[in-house]
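Working notes, structure below.
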Amino acid sequence: MSNKYEEIWNKINQYNKITIFTHLNPDGDTIGTSIALKELIRMNSNDKEIKISGDKYPKNLNWLPKNDDVKIEFIKKSLAILVDTSSIKRTFDKRILKAKEIIKIDHHSPEGNQWSFVIDGDKYPATGEILYEMIKFLNLKHKSKDLYNSLFVSIWTDTSGLVERNPTKQTFKAIEWLEKNGLKRKEIVKKINLSKKEKKIIKNYILNAKIKNNFAYKINDKILINYLYRPSTELFFKTYDAQIYLFASLNKKNKYRIGLRSKKYNVSNIAKKFGGGGHITSAGIEVNTKKDVKNIILYILGRNINENA
Ligand SMILES: [Mn+2]
């Protein structure tokens, strides 16, 4: 029986056109993984055209290689590879459904059945770590600055600097390996970190949370720029002491984006119940009105939250 990485590589080798797809509101993991995968396929195969289709990058990642302008004719002849995205609903470019075949490399709970092959499950702290494992397992060529930088961005941002989402020994090993290959870690961390001014903005946004029954929550009615949303949720989580955290903020579309975090409680189930998704201790939902947010808060307040739930 062949290994999952051999299988995925066999699949890639059956196509000469490949389109990599990323998720809505792209973050460092989906962007970093897409670039790293493109580089890996480029360096380890012949005569393949590889493109990435996705939304604009957040400001702090603008220095990474850009997405491609992908035509529908190209997608129709492509193997589609969806990265760091659990479902079609969460995929930015819905033309993915026109591809010849779709496979998925992801670290969220299994979802959907559109894929002919899948690596997923809430086990890896970042999708980029799956690529690292694949490089090691298949002994792939990897000498590329773009690859090292983008893999680092993937792992570093999704774990908030090797802190969140339970990084393992392998996660640290991956960073060590990147540095051995010449990655300038400090330089890149500086590039992706928020400026002093941005830090001040998010600090103000998370002030005055309500805490009831081990549940900390806040609705912020000011419009928060997309790339500041996640650091705000993270700061919210770091600042207060509770079991479940909810930080809601208006976005440019005038909808409320809700970040759920927990120490142990399964907030992914709560997110799913209200049309969102994510990981066990870190999930998200987008709703139309403040009333929708309040309903979710009431729902959580009605739960029996204890440390082992
Ligand atoms: Mn991710």
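Some notes on this structure:
- Backbone N within the stretch 1-38 under 13 Å of label point (7 Å from residue 100 Cα along the Cβ vector): 11-19
- Charge dipole of the chain about the Cα centre (unit charges at C-beta), most positive-ward option of 142, 124, 152: 152
- Among 163, 109, 182 - extreme Cα towards positive end, dipole of the stretch 69-193, charges at beta-carbon: 182
- Compared with the dominant Cα axis of the chain, that is its longest principal axis, helix 290-301 is turned about 80°.
- Scoring 30-42, 99-111 by mean Cβ neighbours within 10 Å over their residues and listing the highest first yields 30-42, 99-111.
- Phi angles across the stretch 35-47 convert, under the Karplus curve 6.51 cos²θ - 1.76 cosθ + 1.60 with θ = phi - 60°, into 3J(HN,Hα) values of 5, 4, 5, 4, 4, 4, 5, 4, 7, 10, 8, 10, 6 Hz, Gly and Pro given as x.
- For the chain, a simple Cβ point-charge model (Lys and Arg +1, Asp and Glu -1, everything else neutral) yields a dipole of about 1060 debye relative to the Cα centre.
- Which of 172, 237 has the fewest Cβ neighbours within 10 Å, and the rest in rising order: 172, 237
- 15, 299, 227 arranged by Cβ crowding within 10 Å, fewest neighbours leading: 299, 227, 15
- Calculated mean residue ellipticity at 222 nm for the chain: -12000 deg cm²/dmol, from DSSP H runs with n ≥ 4 weighted as -39500 (n - 2.57), summed, divided by the residue count and rounded to 500.
- For the stretch 211-309, GluC sites (Glu not before Pro) meeting the loop criterion (DSSP other than H, G, I, E, B) and having at most 15 other Cβ atoms within 10 Å: 307.
- Straightening the chain between residue 290 and residue 263 buys 7.2 nm, computed as 0.36 nm per residue apart minus the Cα-Cα spacing.
- Within the stretch 212-245: backbone nitrogen closer than 11 Å to the residue 191 label point (7 Å, Cα to C-beta): none
- Burial ordering of 85, 159, fewest other beta-carbon atoms within 10 Å first: 159, 85
- Simple Cβ-charge dipole of the stretch 1-92, Lys/Arg +1 and Asp/Glu -1, about Cα centre, in debye nearest 20: 220
- Once both labels are positioned 7 Å from their Cα atoms along Cα-to-Cβ, the gap between residue 210 and residue 6 label points is 5.7 nm.
- Cross-link partners of residue 98 among aspartates and glutamates (Cα-Cα below 14 Å; sequence separation of 8 or more within a chain): 73
- Overall, the anisotropy analysis places the stretch 149-237 in the oblate class: the square-rooted eigenvalues a ≥ b ≥ c of its C-alpha gyration tensor yield a/c not less than 1.5, with a/b not exceeding b/c.
- Cα centroid of the stretch 239-309 to Cα centroid of the stretch 165-220, whole Å: 19
- Listed peptides 144-156, 198-210, 128-140 appear in the order 144-156, 128-140, 198-210 once ranked by packing, highest mean of other Cβ atoms within 10 Å at the front.
We did not get these values from a lab; they are worked out from the coordinates using the rules stated. Note that the structure is a prediction, hence the values are computed from the model and not measured. Note that we place each Cβ from the backbone using ideal geometry, even for glycine, and neighbour counts take in every protein chain shown.
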